[in-house]
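Have a look at the structure below before the remarks.
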Amino acid sequence: MSMKLTKTALLLSTAVFLFPGCALFESRPVRQMAYAEAAYQAALLAGAEANPATLAVFQLSKDQLSKARSYYRLKNFKEARRLSVLSRRLSEEAEWKAVRGNTDSKATESLVK
């Protein structure tokens, strides 16, 4: 009985260190989240939400930022970092199009690749 209890304890202690690997090996994307938040606020202030030409990009940016926040709370920092960088790029694109005002131009460039 004692041997079985020892094996179970060893297995559980090993599982504790192996399963939350995302939080142990990946650093928190604090800087990327802050940049994404700032870019989102800048796009909001530039009027990207009210501009019909930039609304789709702005909404996509908002969704990606929301997903990044969710992954951050779940401690999936790798996915949170990826989504926050994508959200920042989309927010910057929406802001640029809103500020530029000429979104019907043939020479529009996308920041998202």
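Numerical summary
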| item | result |
| --- | --- |
| The stretch 49-74, subset among the charged types (D, E, K, R) and modelled with pLDDT of 95 or more, residue surrounded by the fewest Cβ atoms within 10 Å (Cβ to Cβ) | 73 |
| Flag if residue 37 is free of Cβ contacts under 8 Å to residues at least 40 places away in the same chain and either assigned to a loop (DSSP other than H, G, I, E, B) or of a type in the set (Ser, Thr, Tyr) (or both) | no |
| Failed criterion for residue 99 (all others in (1) of a type in the set (A, V, I, L, M); (2) surrounded by fewer than 17 Cβ atoms within 10 Å (Cβ to Cβ); (3) under 14 Å from the mean Cα position of the chain (by Cα); (4) over 24 Å from residue 26 (Cα atoms) hold) | (3) |
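The values are calculated or read from the model by the stated rules, or taken from the named source; none is laboratory data. On a predicted model such as this, the values are computed, not experimentally measured, just so you know. A quick note on method: Cβ atoms are made from the backbone with ideal geometry, for glycine too, and the neighbour counts reach across all protein chains shown.
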